[in-house]
Amino acid sequence: MRLRTRKPPLTELHGSLSRDAWRRFRRHTLAVVALGVLGVLLLAVIVGPFVLDAEPERIDFGSKNLPPTLAHPMGTDELGRDQLARVLSGGRLTLAVATAAVLVAALLGVVVGAIAGYWGGLIDNALMRIVDVFYSLPSLFVVILLVTLVGASFGTIVAAIAAFTWMNTARLVRASYLSLKEREFVDAARSLGVGDVRIVVRHILPNALTPVIVSATLGIATAILTESALSFLGLGFQPPHATWGGMLNESRDAVTNLGHWWRGFFPGLMILVTVLCVNYVGDGARDALDPRKEER
Amino acid sequence: MTTFLVKRGLQAIPLLIGISLLLFAMLQMTPGGPLASSEGTGAQNAARVEQIREHYGLDDPLPVQYFNWAGGVATGDWGTSFNTGRPVLTMIWERLPNTLLLTGAAFLLAIAIAVPIGVLAARKQYSWFDYVSSGLSFVGVAMPSFWLALMLLFVFSYSLGWLPSGGLEDLRADHEGFSAVIDRVRHMILPVIVLAAVSTAQLARYVRGAMLDVLQQDYVRTARGSGLRERTVIVGHALRNAAIPVVTVAVLTIPELFLGSVVMETIFAIPGIGRLFVESANLRDYPVLLGILMIGAALVVVANLVADIVYSLLDPRIRYAS
Amino acid sequence: MCGARHGRGEAPGARARRRKALTAALAVGTFALALVGCGGASGEGDGAKTDATGTTNAVAGRPVEGGTALIALVQEPGGMNALFHNQSAPLGLAVWVQEPLFLGRTDGTWEPLLAAEVPTVENGGVTEDGLKVTYRLRPDVTWSDGEPFTAEDLEFTYDVIRNPKSTTIAPTEYNLVRAVRVVDPQTVEVTMKRPNPYYLGLFRQTLPKHKFRSSAVTTEDPQARLPLGTGPFTYTNWETGNKIVLERNEAYWRSDRRPKLDGITLRVTPDAQTAINSFTRGEYDSVFFITAGDMPTLRSAQESGAAIEVSPREGSHVEWLWLNQSDKGSDRPHRVLGDPAIREAIDLAIDRQQIVDEVLDGLGTLTGAFVYSGFARVDRPAAPFDPERANELLDAAGWVRGDDGIRVKDGVRASLRFQTLSGDQTRELYQQVIQQNLEEVGIEVKIQNLPSNLIFGTYDEGGRLARGDYDIVMSREGLARDPIEGGWAAMFTCAEVPGPDNKNGTSYVHWCNEEFDRLVGRAASTLDVEERKDLYEQAVELFATERPALPLYSSTSGYTWSTRMKGVDVDWWDGMWPSAADWWLER
């Protein structure tokens, strides 16, 4: 914000860019619908548990393993807990993990990318080799291993997912810095005696963030799927908390041996809908923020 | 061309060394030590851990351990499993065929479905077929594969009883010849479909995009304008050129399928590499874990290499340049 | 070792209200019992067999020779030699190949198998001070390759166990051995460091000396994978991930016990669910092995007409709640659990019967004794479910409920971490029931499950139990023929409390009570059976009032086999496996 007031030309550029972008985004009917659905989901997940009569953790053996009814729209589990309440509170956890992982990954990616792109040379070379190494690791295997060995907690799961999703951002940011550092406004700042760090953070960063936003949006989808896969393998959160993937894991035996389809159907459906919407929004955002690709 | 290959191949070596260093360090840094301790074994644990530590040289300085291990890997001795006392490489070879069968079948299925759909969708852009296939591929990409697996199991195995719920063969093993093949296919239908689903969706989107790009190129317009049959234009000119990026992406989906096999093998109880990995992680069988991770990493590196090579082979500009 | 199975392992205990008396079992199963692997004694004499499903089929028809039994093997082990691999299969199936010197009979007596007689003080086999035991072997025993089985093999086995370069997982009883000396080919003299009441539990598995070049034997040795033995069957090959093949030992030294089956094939199946489904459809003759969690499936399959026999086994492994008595492993008492009122309140607040009925489908029983199995088993009821009393106790002890309903005393919040091995779904279910139970009396519980190595790791590895870095941990432990076995009773003594100076201490609960030490110490060093029983009974009472650990329930596992397989006899301790020589397949 401070930056905008002190550098009028940039503000204008930004203002018109975001206005244009929003206009272009709105032309994507599906992306707008997806954004709406996500909004409703988010609201339900955040507010729902307060409005809903049922508590996600309340055990009631009198009503265990019930198929969906009006009282329990998503049925109940083997402890008689209301599945709808669990899906909502599980959604909160799922989305929190995914968002946190994406933020951590984006931060890491921006820092590495900025350093590599701006300073170049040996640092750039070394950092890019590290990026190569991380790209070549069988990521899901390593994430599984880390969580198995260290134990599952919010921190480990977020860190493990972030550790294998930052590289793309780093490459994008590096590319932006490589081209932006040659631009006039950077030269101008430099001639005014502005320090490197300040240039990197204050001057170039705001202009390099566009691709990060797109890749972060799409990254949420990846993070949700990775977290779900982990939880599905039994490497997720501790009871009584469960993400959607964790609920799917809990439901495996009930679905395939007892035929309690509702136990697995709803959490999985939530994952599908959320990831689908995030992808549509991400695609819309990419087209909106990158006018060159508009025609496609 | 040869120099290019050699150069690209040599670049992979430092990469693999870097990967091995990182993996090795990672295993050492995890808390709790490299040996699983288990429930109900009480007093036996401490003594056993000591013995095994000494036997496997786990008290040597880390660099010594790394060089011992890396030297072994280079010469084909990947160490022995803490759990079974058998060579790691043997254990991996026993499981690898199942995983390859699964991922190979899924790969072929994905290509067989994705390419025609992508081409057709691109040729009839904005048709109902395009909309439906694009929509489906969006859903496919967003599909949590394990959920699809669970639901298919519920429908085809639990409710209808048409397909087996897991394993790779009917264990009463009276099957021979043709009926053994049928038996194997029946066991593979669900896991292969699930494994292929996401890749099919991704590839179809990619094929469509690549075809749209190519169809707008001048030479395709010229070809069409010069009265060539549509079929010849699509298959002979457009598809050939669209194939360049598509093949690259297709090759890169192989490691993804390989990773996806962890989840599939767990759900469908298939004794492959993925299950071996999960089992070994639970037992903290470090030599086996390192072995599988290195194979996974090598697969990614080789896939990238192959993608590069294929790209250079298919792209006329690169071919002329060298 | 029998009590040391892990993973899916469930091992013996005892249950008083067993329907069939010992007599019926003995009538049918004398021979089968003679093959019991671990030897030992079950207090009530109820262990021999359960006849709920008609296991008397050994007399139901005329045995036919030939055929191969196909058994599903869940959880492929690293190797089949029980001296090197303490997984369930090598331990439970050892009796087929690796025979013991002595067989524990269910009435508490012992019977020689590879030994010529049971050494006692009376017959001069044990010296008055209990420090020297002379084991005499049968002269007619041969290994399945024809070589004679001699005292040299016993001495060699001890050398291997003692050799620091070997990777054996030998029973702790060997720690008491000072020396093993060969007197003549059929006689071995073992000197003990102190009197060892469990001296008949030694040499359950013996290694054939002629198959080794040195006493440094590791898991890589082929003998650690498929051992040579003296038993009714021999291993012929192992296709990893697929099957382990056993054939009849044609040269079996017991000519009266020629196995009826040509062989047994263990088919490796990656998961229990698949194995059991295939079994109920008739694809297998049995499954190794069945846990409490599999019993409902088996029962319902049987009810819907599957041709299977099911023999439940009540009173197996007890699930314990270890209550940390130290403040993070120090000498100070735990800030919350150090208060006896808290421990008693937890004991009273858990609705154990509801957990058994609702979560475990009734497959579990309750006990209140820490010696719940073996010859000294004490039949003590579990604490009643009485939340009102729990609340009163806590009120009286000065734990006052805060605004959120959780109690506080002197600024300390009654909030406890509750941990078990991650990834066990049934456990997670009753963890949540316990969480709700305790919350109702104002104790907050946070479930933070961990991988096994972090919980059970050694002191140096920072294992939570060893370091005392936990509040409540839940695990199954303590199934033993003798409380000495596996160091079960000794685990709660002061000497076993781990610390920087005692890194190998095995105590989980960091509890130190001199009276308990005296009782258990005396019981471990006298050979008088009646005195030992009495001492353990006192120790059980003390343990149950001090509550360093709380028993949750005792699991009900079982055995199952197809109706076409006859001659099966179930021993409470070792299950159906020791009777394999009598199994035959109906044509």
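The values are calculated or read from the model by the stated rules, or taken from the named source; none is laboratory data. Remember, it's a predicted structure, so these values are computed and weren't measured experimentally. Cβ placement follows ideal geometry from the backbone for every residue including glycine, while neighbour counts extend to all protein chains displayed.
Figures for the structure shown
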item: Those residues of the range A:227-250 which are farther than 19 Å from B:Glu265 by Cβ and of a type in the set (Gly, Ala, Ser), in sequence order; result: A:Ala242, A:Gly246
item: One residue from A:Gly246, A:Gly284, A:Gly219, A:Gly236 being out of contact with any strand residue (DSSP E or B) (no Cβ under 7 Å at 6 or more places or on another chain), in a loop (DSSP other than H, G, I, E, B) and away from chain B (no Cβ under 11 Å); result: A:Gly236
item: Failed criterion for B:Asp285 (all others in (1) touching a helix residue (DSSP H, G or I) at 6+ places or on another chain (Cβ under 6 Å); (2) farther than 22 Å from B:Thr103 by Cβ; (3) within 14 Å of another protein chain (Cβ to nearest Cβ) hold); result: (1)
item: Matching option when the condition is in a loop (DSSP other than H, G, I, E, B) and within 29 Å of A:Ser231 (Cα to Cα), among C:Asp357, C:Asp403, C:Asp361; result: C:Asp361
item: Selected residue (only one of B:Ile309, B:Ile267, B:Ile295 is of a type in the set (A, V, I, L, M) and over 30 Å from B:His187 (Cα atoms)); result: B:Ile309
item: Residue list for the range C:437-475, filter: in contact (Cβ under 8 Å) with a residue 40 or more places away in the chain, within 8 Å of chain B (Cβ to nearest Cβ) and polar (S, T, N, Q); result: C:Thr458, C:Ser475
item: Subset of the range C:118-136 (residues that are closer than 17 Å to C:Gln186 by Cβ and in contact with a strand residue (DSSP E or B) (Cβ under 6 Å, 6 or more places away or on another chain)); result: C:Val118, C:Pro119, C:Gly125, C:Val133, C:Thr134, C:Tyr135, C:Arg136
item: Filter result for the condition that a residue is modelled with pLDDT of 90 or more, within 30 Å of A:Leu30 (Cβ to Cβ) and surrounded by fewer than 21 Cβ atoms within 10 Å (Cβ to Cβ), over A:Leu248, A:Leu269; result: A:Leu269
item: One residue from C:Leu429, C:Leu479 being closer than 17 Å to C:Thr172 by Cα and either aliphatic (A, V, I, L, M) or not in a helix (DSSP H, G or I) (or both); result: C:Leu479
item: Residue within the range B:276-289 that is free of Cβ contacts under 8 Å to residues at least 12 places away in the same chain and among the basic types (Lys, Arg) present; result: no
item: Condition met for A:Phe134 (within 12 Å of chain B (Cβ to nearest Cβ), of a type in the set (Phe, Trp, Tyr) and either surrounded by fewer than 23 Cβ atoms within 10 Å (Cβ to Cβ) or within 18 Å of the chain's Cα centre (by Cα) (or both)); result: yes
item: Residue in the range B:220-227 that is within 21 Å of the chain's Cα centre (by Cα) and either hydrophobic (A, V, I, L, M, F, W, C) or buried (at least 22 other Cβ atoms within 10 Å of the Cβ) (or both) present; result: no
item: Matching option when the condition is under 30 Å from C:Ala115 (Cα atoms), without any contact (Cβ under 8 Å) to a residue 40 or more places away in the chain and in contact with a strand residue (DSSP E or B) (Cβ under 9 Å, 6 or more places away or on another chain), among C:Glu247, C:Glu239; result: C:Glu247
item: C:Gly368 vs. criteria more than 9 Å from every other protein chain (Cβ to nearest Cβ), free of Cβ contacts under 8 Å to residues at least 24 places away in the same chain and closer than 25 Å to C:Ala544 by Cβ; result: no
item: Residues satisfying the stated conditions in the range B:54-77, i.e. more than 14 Å from every other protein chain (Cβ to nearest Cβ), in a loop (DSSP other than H, G, I, E, B) and in contact (Cβ under 8 Å) with a residue 12 or more places away in the chain; result: B:Gly76
item: Subset of the range C:68-115 [in contact with a helix residue (DSSP H, G or I) (Cβ under 7 Å, 6 or more places away or on another chain), within 14 Å of chain B (Cβ to nearest Cβ) and part of a strand (DSSP E or B)]; result: C:Ala72, C:Leu73, C:Val74
item: Residue match in the range C:261-269 (condition: away from chain B (no Cβ under 14 Å), part of a loop (DSSP other than H, G, I, E, B), free of Cβ contacts under 8 Å to residues at least 12 places away in the same chain and more than 23 Å from the chain's Cα centre (by Cα)); result: no
item: Every residue from the range A:185-211 that is over 17 Å from A:Ala175 (Cα atoms) and either in a helix (DSSP H, G or I) or charged (D, E, K, R) (or both); result: A:Phe185, A:Asp187, A:Ala188, A:Ala189, A:Arg190, A:Ser191, A:Asp196, A:Val197, A:Arg198, A:Arg202
item: Answer from C:Ala216, C:Ala275, C:Ala301, C:Ala224 - the residue that is under 30 Å from C:Lys165 (Cα atoms), in a helix (DSSP H, G or I) and not polar (S, T, N, Q); result: C:Ala224
item: C:Pro498 vs. criteria more than 23 Å from the chain's Cα centre (by Cα), buried (at least 23 other Cβ atoms within 10 Å of the Cβ) and of a type outside the set (Val, Ile, Thr); result: yes
item: Count - residues of the range C:202-244 that are within 13 Å of chain B (Cβ to nearest Cβ) and either β-branched (Val, Ile, Thr) or touching a Lys or Arg at 6+ places or on another chain (Cβ under 8 Å) (or both); result: 13
item: Hits in the range C:175-194 - residues which are at pLDDT below 90 and either of a type in the set (Asp, Glu) or outside any loop (DSSP other than H, G, I, E, B) (or both); result: C:Asn175, C:Leu176
